[in-house]
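Enquirer: This structure is in C-alpha cells; I'll ask about it shortly.
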Amino acid sequence: MPAPEKVAVFLHSGEYDRVHQGLSIAAAAVATGRQADVFFFWWALERLANDGLDEPDLRDDVGRRFEARGMPTLRQLLQHLRESKRCTLYACTGSMAAVADSPVALEGKVDRFVGWATILSLVAGTADRFYL
C-alpha cells in the first residue's frame, strides 16, 4: 500500500478563524497518519511572530461557544502538530521581511525559513492544498 500523500496548508490571513481552520486541517491530516506542511505568510505569519495564539478574537457569540466547547487554541493546535512529528512549519522569507521585526521573533516557532522556489519544490505533486 503506498504511503499517504501529504497535505499542504497555506496560511495568509491572520484572522483567528482562518488560522484555526488551517491548523485544524493539518491536525486532521497528522491524526490520520499523513504528513502536513504548514506555510505561514503575511498576516498569519505576523500573528505567529507576535504570539497572538491564545485569545480567540471572534464575535462574542462565537467566542462564547468556542470557549464553552473547549475548542483548542492556536497554541494548542501548534503543540499537537509539533508533537505528532508529522508536521513541518514554514515561514516565508519574503513575508517575514514585510511583517516581522526580525527573524528572532520566529525562532523556535517554525522549523524552516523558505522562499518561493523552495516552497514550489516542497509542494510539487501534493494533491491536497488548502489556502486560507
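Enquirer: Taking only pairs six or more apart or across chains, which ones have beta-carbon atoms under 7 Å, a first residue in the stretch 83-98 that is under 21 Å from Trp43 (Cα atoms) and buried (at least 16 other Cβ atoms within 10 Å of the Cβ), and a second residue that is among the acidic types (Asp, Glu) and at pLDDT 90 or above?
Expert: Short answer, once both residue conditions are applied: Thr88/Asp37; Thr88/Asp111; Leu89/Asp111; Tyr90/Asp37; Tyr90/Asp111.
Enquirer: Filter the stretch 13-50 down to residues that are closer than 21 Å to Val62 by Cβ, in contact (Cβ under 8 Å) with a residue 60 or more places away in the chain and either of a type in the set (Lys, Arg) or outside any helix (DSSP H, G or I) (or both), then give me how many there are.
Expert: So the answer is 2.
Enquirer: Also, I was wondering about something else. Those residues that are outside any helix (DSSP H, G or I), surrounded by 12 or more Cβ atoms within 10 Å (Cβ to Cβ) and either touching a Gly at 6+ places or on another chain (Cβ under 9 Å) or free of Cβ contacts under 8 Å to residues at least 12 places away in the same chain (or both), I need them from the stretch 56-70; list them, please.
Expert: Taking the stretch 56-70 and keeping what is outside any helix (DSSP H, G or I), we get 56-59, 69-70.
Remaining after also requiring surrounded by 12 or more Cβ atoms within 10 Å (Cβ to Cβ): 56, 58.
Correct list: Pro56 only.
Enquirer: Further question on the same structure: Could you check how many residues of the stretch 4-15 are surrounded by fewer than 17 Cβ atoms within 10 Å (Cβ to Cβ) and over 13 Å from Arg47 (Cβ atoms)? First the steps, then the outcome.
Expert: The initial filter retains those residues of the stretch 4-15 that are surrounded by fewer than 17 Cβ atoms within 10 Å (Cβ to Cβ), namely 4-5, 15.
After this cut, where a residue has to be over 13 Å from Arg47 (Cβ atoms) as well, the list is 4-5.
Number of matching residues: 2.
Yes or no, residue by residue, for (1) at positive phi; (2) at pLDDT 95 or above; (3) part of a helix (DSSP H, G or I):
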| site | (1), (2), (3) |
| --- | --- |
| Leu89 | no, yes, no |
| Gly94 | no, no, yes |
| Val104 | no, no, yes |
| Ala117 | no, yes, yes |
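Enquirer: Here's a follow-up. So which residues in the stretch 13-59 are farther than 22 Å from Met71 by Cβ and within 10 Å of the chain's Cα centre (by Cα), if there are any at all?
Expert: Asp37, Phe39, Phe41, Leu45
Enquirer: Among the numbered criteria (1) surrounded by 13 or more Cβ atoms within 10 Å (Cβ to Cβ); (2) of a type outside the set (A, V, I, L, M); (3) touching a Lys or Arg at 6+ places or on another chain (Cβ under 8 Å), which one does Phe41 miss?
Expert: All conditions are met except number (3).
Enquirer: Mind listing whichever residues of the stretch 16-31 are of a type outside the set (Gly, Ala, Ser) and either crowded, with 16+ Cβ neighbours inside 10 Å or modelled with pLDDT of 95 or more (or both)?
Expert: Pass one, the stretch 16-31, residues of a type outside the set (Gly, Ala, Ser): 16-21, 23, 25, 30.
Across the stretch 16-31, the qualifying residues are Tyr16, Arg18, Val19, His20, Gln21, Leu23, Ile25, Val30.
Enquirer: Filter the stretch 71-86 for residues that are part of a loop (DSSP other than H, G, I, E, B) and over 17 Å from Gly33 (Cβ atoms) and give the result. Quick ask: steps written out before the conclusion?
Expert: Taking the stretch 71-86 as the starting set, the residues that turn out to be part of a loop (DSSP other than H, G, I, E, B) are 71-73, 85-86.
Listed by number, the residues that qualify are Met71, Pro72, Thr73.
Enquirer: So if I check each of Phe66, Phe39, which one is hydrophobic (A, V, I, L, M, F, W, C) and touching a Cys at 6+ places or on another chain (Cβ under 9 Å)? Break it down into steps so the answer makes sense when it comes.
Expert: Details: Phe66 fails: touching a Cys at 6+ places or on another chain (Cβ under 9 Å).
Going through Phe66, Phe39 in turn, the sole match is Phe39.
The values are calculated or read from the model by the stated rules, or taken from the named source; none is laboratory data. A quick note: this is a predicted structure, and the numbers were derived from the prediction, not measured. So basically every Cβ, Gly included, is an ideal-geometry build from the backbone, and we count neighbours across all protein chains shown.
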